[in-house]
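For reference, the structure is listed below as structure tokens.
The values are calculated or read from the model by the stated rules, or taken from the named source; none is laboratory data. In this text the structure is predicted, and so the values were computed from the model without any measurement. Every residue, glycine among them, receives a Cβ derived from its backbone with ideal geometry; neighbour counts consider all protein chains shown. With ligands, DNA and RNA removed, areas are computed over all heavy atoms of the protein, side chains included. Shrake-Rupley method; radii C 1.70, N 1.55, O 1.52, S 1.80 Å.
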Amino acid sequence: MAVRMITHATIRFRLHAMASNTAALLLLLLLSFQLIAMSLSQTQLSTQDLPALIKIRQQLGNPDALAGWRPDSLCWGWWPAACNEQGRVTKLFLERLNITSTLPPAIGELDQLETLSIIEMPGLGGRIPDSFCNLRHLSLFNLMVTSVSGPIPACLSRTNLTSASFFRSKLNGIIPGSLWKLPYFTYFNAAYNNLVGPIPPLLVHGGTPDRPLGLMLDGNRLSGPIPWTFALERHLLQFRVANNKLTGDPSFLFGRRKTVTGTIDLSGNNFRFNLTGVEMPMQLSFLNLSHNRIYGGVPVSLRDTRVAVLDLSYNDLCGKIPTGGHMVQFKAAAYEHNKCLCGTPLPPCANGR
């Protein structure tokens, strides 16, 4: 009996050892397959997107910051480019490179690109290449603080843009009306360029509580009225069109039913409308209407808002300034150089008006 028990124990031990060895072998095979798959993936990536990156580096004058873009390199060494799990370049960040060059057309060969961010490169000139219109997946496009000039290509409507910022470049011409075709285009910043002509209808559109609209066009030479289509938009984060040549009545931007959580800046234009009965959005935090031809009085609705910065100076406003609520925080500079405003913080009204 003792011999049989020892035999059974030995058999169990050997079976356990075989099972352990089998598991180890399967794990080894699995790791091998993963390594092979990674190697194949890197090989595919190298043949698809690396040539375009090398072209971009060459078109920028071979800056040291892009030295990792070489024929024998792998995806994890390609920063400031980033890849997805399939090894395709989906993000490209070119920031603060000390170069003198034109905007590389080869960027348009990265056909899976979703984010393109080019920031603080004043030596970068030329125009936005038409090849960028081939970037069907491009969702975010930043071209900020550069010397890139020329028009905004109308064919960018063929991309998937939701956000574009051309802040402080040297773009000129009109804003293409075709941008309304972008179904989710909710943010556009082209402040401080040389743009002319009207603001197109539906330039940004479809704002939601989670993604309110942002439109920044300060410091251009735009003219004409603000399109009435903005009356239909209820969710705004920023609406800044200061220092242009805009005209008309933009009072439809306001209203208690509007959700404006940031800034409305209409200063430095030729707007003319009666401000007296305008209902200010409750959550508005910054309001600048200075240097226009706005008439009427200061609206009572300002008392109940969250406005922390107010400038109504250099207009044709008249009458007693409302008191109470948040009005106590505003200084005289917010009301100066109007037609006949009076009351705190300005001098008292004559005859108790």
**Prompt:** Which of the following values of Rg/Rh (Cα atoms, Kirkwood Rh) was calculated from the structure shown: (i) 0.94; (ii) 1.07; (iii) 1.25?
**Reply:** (iii)
**Prompt:** Rounded to the nearest 5, what is the percent of antiparallel bridges among the DSSP beta bridges in the chain?
**Reply:** 5 percent
**Karplus (6.51, -1.76, 1.60) ³J(HN,Hα), θ = phi - 60°, over the range 324-330, in Hz, Gly and Pro reported as x** = x, x, 7, 4, 5, 7, 8
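Suppose all protein chains stay in the model; what accessible area per residue would a 1.4 Å probe give for the chain, in Å²?
Working: 17620 Å² over 353 residues.
It amounts to 50 Å² per residue over the chain.
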**Request:** Take the alpha-carbon centre of the range 303-345, take the same for the range 187-255, and report the distance between them in whole Å.
**Result:** 25 Å
**Fill in**
Extend 7 Å from the Cα of Ala67 along its Cα-to-C-beta direction; within the range 110-129, residues with backbone N under 12 Å of that point are none
**Fill in**
Excluding ligands, DNA and RNA, the carbon-plus-sulfur percentage of the accessible area of the chain with a 1.4 Å probe reads 58 percent
**Complete:** Residue by residue through the range 174-181, the couplings from Karplus 6.51 cos²θ - 1.76 cosθ + 1.60 with θ = phi - 60°, in Hz, x for Gly and Pro, are 8, 7, x, x, 5, 5, 5, 6
**Message:** What distance in nm lies between label points placed 7 Å from Cα along the C-beta direction at Asp316 and Gln59?
**Reply:** 5.2 nm
**Asked** Principal axis lengths of the range 264-351 from Cα atoms, whole Å, largest first?
**Response** 34, 29, 22
**Prompt:** Roughly how many debye, to the nearest 20, is the charge dipole of the chain about its Cα centre, given +1 on each Lys and Arg Cβ, -1 on each Asp and Glu Cβ, and no other charges?
**Reply:** 520 debye
**log₁₀ of I(q)/I(0) at q = 0.18 Å⁻¹ - the range 224-289, Debye sum with one point per alpha carbon** = -0.61
**Asked** How far is it, in nm, from the label point at Gln86 to the one at Leu346 when both lie 7 Å from their Cα along the line to the Cβ?
**Response** 6.3 nm
**Cα-based shape type of the range 41-178, given that a ≥ b ≥ c are square roots of the gyration tensor eigenvalues and the cut on a/c is 1.5** = oblate
**Request:** Identify all aspartates and glutamates with a Cα-Cα distance to Lys339 below 13 Å; exclude those on the same chain that are fewer than 8 residues away in sequence.
**Result:** Asp316
**Helical contribution to [θ] at 222 nm, DSSP H n ≥ 4, -39,500 (n - 2.57), averaged over the chain, rounded to 500** = -6000 deg cm²/dmol
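Please arrange Phe271, Phe93 by accessible surface area, largest first, computed with a 1.4 Å probe and ligands excluded.
Working: Phe271 0, Phe93 55 Å².
Accessible-area ranking of Phe271, Phe93, largest first: Phe93, Phe271.
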**Asked** Once phi is turned into θ = phi - 60°, what whole-Hz ³J(HN,Hα) does the Karplus curve with 6.51, -1.76 and 1.60 give for every residue of the range 290-306, x standing for Gly and Pro?
**Response** 5, 6, 10, 10, 6, 10, x, x, 6, x, 4, 4, 4, 4, 9, 9, 9
